[in-house]
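These notes are about the structure you will find just below.
The values are calculated or read from the model by the stated rules, or taken from the named source; none is laboratory data. Note that this is a predicted model, so its numbers are computed, not measured. Positions of Cβ are generated from backbone atoms using ideal geometry, with glycine treated the same way; all protein chains shown enter the neighbour counts. Ligands, DNA and RNA are excluded from the accessible area calculation, which covers all protein heavy atoms including side chains. Shrake-Rupley method; radii C 1.70, N 1.55, O 1.52, S 1.80 Å.
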Amino acid sequence: MCGIAGIIGVGEQASTLEKMLEVQAHRGPDHTGQYFDKGFAALGHNRLSIIDLSPEANQPFSDKTGRFQLVFNGEIYNYKELRQELASGYNFSTKSDTEVLLAAFIKWGKTCLEHLNGMFSFAIWDSRKKKLFAARDRFGVKPFFYSEDNSGFYFGSEIKSLQAVISRKAPNEKVWANYLTYGSYGMPDETFYKDIHQLPGGHFMEYSEGKLSIQAWYNFNERVAAIKPNKDFKEAKATYFDLLKDSISLRFRADVPLGFNLSGGVDSSLLLALVNLFEDKKNITAYSFFTGDERYDELPWVKQMIATTQNPLKKVRFSAGEVAETAAFISKIQDEPFGGIPSLAYSKIFKKARQDGIKVLLDGQGMDEQWAGYDYYMNPESNNTIQGTGTKSAFYPDVLNPYFLALTEKPDYPEPFQEKMLNLQYRDLFYTKIPRALRFNDRISMAYSTELREPFLDHRMVEFAFAQPAEFKIHEGVQKYLLREILKELAPKDLTYAPKRPLQTPQREWLGDELREFTEAQFEKLLASPAAGWFNKKELEKEWKKYRAGNRESSFHIWQWVNAGMMLGE
């Protein structure tokens, strides 16, 4: 996992590229490389060495002729298999997945994407045709931001790398309005900044002679439709279990130490159990955060699972006193609104792992979307996108001034399936839950120069799960049923059927009590910022007063205003 940056166009490029690479240096501190096709292109790379640590695998990476230059962020997990397939027509000089990716592009062109199992965001410059090709993985695990102005085309792994060299700090008011009204973090091509865009997951772009074209390369719906649903539950369970084991085996491929993140939930427990099926991985260290508040902490379940597997466990405590400093840092890292105090606590895991010499962590993201794990899946008519808020809305549009509220446009998500629950899962996978979680997690892990791998987002697993009958997902009121049936053979029974816990930190209490001064300071910054006109000050203060008095069914709206204050009040 690394950082990429580039400029396509005329003008002085060397110092500009250096600035872009400098602000995202945390993504790859092991090597910084640059390539220039004078007057046409500049490519840069921040390397975090994971596979083939040799300098020969540094980037930008060139083919033998010098025609193609590659900058690549991510991992191609099936690179060993692809290397064997490509070996007869390509003379490899490294053991890296980077070279395999370039060789695949040279042989197959843009259709190489269909051969890749991984998380990736990359750009290839064709110095003969003066043409850029760039692509992003199926679910958008790795980021790709871009912008255009009169001088050319700019791209990078983080928004801040673009803002370091072109004037692009004006907020995208429509995206902000939708965030504050509906909890939307933008559509797949949008950001919270005007004129900064992102390449959607599962898409590629081509840029040549000032013209940009973007096209989808991954058709999820077709892939799901091509899978015959299993009528036999045992058969479906066995097939999915095999996919799970293969996905985790592929994501063990690294030339540096690995660890994994552990909570007390079903998904995390399954990950731990599966890791321990591999004899040489039994001593991998698990990391888990806690706050010391037994109403929210998952340590009892974590310890129960660890007692079964005997993995080393590093417990990372996060306290209210750390919030202000951590929030200031993570807010700058994220560039856009993020998920609240749980994200801050989660970030401390990566900090601790890096201190321990761990460069790669595995995480259990993606199972709720595959196997209908969120509470609102029990009511397919629900429009909810936030777990654990009950029937009450988590949003407070009344605090917004009418002119700003008028900018909102309720997100209209595609519904490609006949089943309503499946459409909710699709929405969460491509538009709401997964995109924002992946963005939060990418920035948090990269802040501490660590790579995060998501074994449960292997596209083969996701496609298979979506093709299965609804009763395999929710059975007699039990959510994630097939998953739990797999886990019960590997873990204690009370862990297997433990209910999903939507809240992992005392954010509700901290924001109104221990962190009251911090919260109010962010409100003051917000109401003194250029964005103050978005808000009705009296209404915001009224809602804050009600919250302090005990109206705390949800704290998401309070965190939204806090986060906005940190971002817009500078």
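If you scan segment 331-358, which residues turn out to be more than 24 Å from VAL256 (Cβ to Cβ), open to solvent by less than 50 Å² (accessible area, probe 1.4 Å) and either in contact with a Cys (Cβ under 7 Å, 6 or more places away or on another chain) or not hydroxyl-bearing (Ser, Thr, Tyr) (or both)?
The answer is GLN334, ASP335, GLU336, PRO337, PHE338, GLY339, GLY340, ILE341, PRO342, LEU344, ALA345.
Tell me, yes or no, whether segment 497-512 has at least one residue that is within 30 Å of LYS231 (Cα to Cα), open to solvent by less than 50 Å² (accessible area, probe 1.4 Å) and not in a helix (DSSP H, G or I).
Yes, segment 497-512 has at least one match.
Check ILE248, ILE214 and return the single one that is within 26 Å of MET119 (Cα to Cα) and either open to solvent by 60 Å² or more (accessible area, probe 1.4 Å) or touching a Cys at 6+ places or on another chain (Cβ under 6 Å) (or both).
Of ILE248, ILE214, the one residue that is within 26 Å of MET119 (Cα to Cα) and either open to solvent by 60 Å² or more (accessible area, probe 1.4 Å) or touching a Cys at 6+ places or on another chain (Cβ under 6 Å) (or both) is ILE214.
Across segment 289-330, what is the total count of residues that are assigned to a strand (DSSP E or B) and either surrounded by 20 or more Cβ atoms within 10 Å (Cβ to Cβ) or not basic (Lys, Arg) (or both)?
Within segment 289-330, residues that are assigned to a strand (DSSP E or B) and either surrounded by 20 or more Cβ atoms within 10 Å (Cβ to Cβ) or not basic (Lys, Arg) (or both) number 4.
Checking TYR218 against (1) among the aromatic types (Phe, Trp, Tyr); (2) outside any loop (DSSP other than H, G, I, E, B); (3) within 27 Å of GLN334 (Cβ to Cβ): exactly one of these is not met. Which one?
(2)
Among the residues of segment 106-121, is any farther than 17 Å from TRP217 by Cα, in contact with a Pro (Cβ under 9 Å, 6 or more places away or on another chain), of a type outside the set (A, V, I, L, M) and modelled with pLDDT of 95 or more?
No - not one qualifying residue is present in segment 106-121.
Could you list all residues from segment 9-18 that are modelled with pLDDT of 95 or more and either of a type outside the set (D, E, K, R) or surrounded by fewer than 14 Cβ atoms within 10 Å (Cβ to Cβ) (or both)?
LEU17, the sole residue that qualifies.
TRP534: open to solvent by 10 Å² or more (accessible area, probe 1.4 Å), among the hydrophobic types (A, V, I, L, M, F, W, C) and at pLDDT 95 or above, yes or no?
It is false that TRP534 is open to solvent by 10 Å² or more (accessible area, probe 1.4 Å), among the hydrophobic types (A, V, I, L, M, F, W, C) and at pLDDT 95 or above.
If I filter segment 57-79 for residues that are surrounded by fewer than 16 Cβ atoms within 10 Å (Cβ to Cβ), of a type in the set (Asp, Glu), over 25 Å from VAL256 (Cβ atoms) and out of contact with any Ser or Thr (no Cβ under 8 Å at 6 or more places or on another chain), do I get at least one hit?
The answer is no, given that none of the residues of segment 57-79 is surrounded by fewer than 16 Cβ atoms within 10 Å (Cβ to Cβ), of a type in the set (Asp, Glu), over 25 Å from VAL256 (Cβ atoms) and out of contact with any Ser or Thr (no Cβ under 8 Å at 6 or more places or on another chain).
Would you please name the residue that is most open to solvent (accessible area, probe 1.4 Å), looking only at residues in segment 537-563 that are of a type in the set (A, V, I, L, M) and more than 29 Å from the chain's Cα centre (by Cα)?
Among those residues, the one meeting the criterion is ALA549.
Looking only at segment 57-68, count every residue that is touching a residue at least 24 places away in the same chain (Cβ under 8 Å) and over 24 Å from ASP255 (Cα atoms) and tell me the total.
Going through segment 57-68 one residue at a time, the tally reaches 4.
Against the definition (surrounded by fewer than 19 Cβ atoms within 10 Å (Cβ to Cβ) and either of a type outside the set (S, T, N, Q) or in contact (Cβ under 8 Å) with a residue 40 or more places away in the chain (or both)), how does PRO416 come out, yes or no?
Yes.
Would segment 459-475 turn up any residue that is of a type in the set (D, E, K, R), within 27 Å of TYR346 (Cα to Cα) and buried (at least 16 other Cβ atoms within 10 Å of the Cβ)?
no
With the condition being farther than 30 Å from ALA254 by Cβ, I'd like the helices (runs of 4 or more DSSP H) fully within segment 402-494 carrying at least 1 qualifying residues.
So the answer is 402-405, 420-430, 481-487.
From (1) on the phi > 0 side of the Ramachandran plot; (2) surrounded by 23 or more Cβ atoms within 10 Å (Cβ to Cβ); (3) not hydroxyl-bearing (Ser, Thr, Tyr), pick out the condition that doesn't hold for GLU209.
With respect to (1) on the phi > 0 side of the Ramachandran plot; (2) surrounded by 23 or more Cβ atoms within 10 Å (Cβ to Cβ); (3) not hydroxyl-bearing (Ser, Thr, Tyr), GLU209 is out only on (2).
Which residues, counting only those in segment 32-56, are surrounded by fewer than 18 Cβ atoms within 10 Å (Cβ to Cβ), without any contact (Cβ under 8 Å) to a residue 60 or more places away in the chain and either under 18 Å from SER208 (Cα atoms) or among the hydrophobic types (A, V, I, L, M, F, W, C) (or both)?
Once the filter is applied, which keeps residues that are surrounded by fewer than 18 Cβ atoms within 10 Å (Cβ to Cβ), without any contact (Cβ under 8 Å) to a residue 60 or more places away in the chain and either under 18 Å from SER208 (Cα atoms) or among the hydrophobic types (A, V, I, L, M, F, W, C) (or both), segment 32-56 yields PHE36, LYS38, GLY39.
Among the residues of segment 513-526, which ones are open to solvent by 50 Å² or more (accessible area, probe 1.4 Å) and closer than 30 Å to TYR403 by Cβ?
Answer for segment 513-526, where residues must be open to solvent by 50 Å² or more (accessible area, probe 1.4 Å) and closer than 30 Å to TYR403 by Cβ: GLU520, GLU524, LYS525.
Check VAL175 against each of (1) assigned to a loop (DSSP other than H, G, I, E, B); (2) more than 25 Å from GLY66 (Cα to Cα) and name the one condition it does not meet.
So VAL175 meets the others, but not (1).
Sort out which residues of segment 536-559 are within 28 Å of LYS160 (Cα to Cα) and touching a helix residue (DSSP H, G or I) at 6+ places or on another chain (Cβ under 6 Å), and write them in order of number.
ILE558 - this is the single residue of segment 536-559 that is within 28 Å of LYS160 (Cα to Cα) and touching a helix residue (DSSP H, G or I) at 6+ places or on another chain (Cβ under 6 Å).
Against the condition assigned to a loop (DSSP other than H, G, I, E, B) and either under 30 Å from PHE120 (Cβ atoms) or without any contact (Cβ under 8 Å) to a residue 40 or more places away in the chain (or both), how does ASN551 come out, does it pass?
Yes.
Out of the residues in segment 100-157 meeting the condition of being open to solvent by less than 10 Å² (accessible area, probe 1.4 Å) and assigned to a helix (DSSP H, G or I), tell me which one is farthest from GLY89 (Cα to Cα).
Ranking the candidates gives LEU113 first.
Of all residues in segment 306-352, which are of a type in the set (Lys, Arg) and closer than 15 Å to VAL562 by Cα?
LYS332
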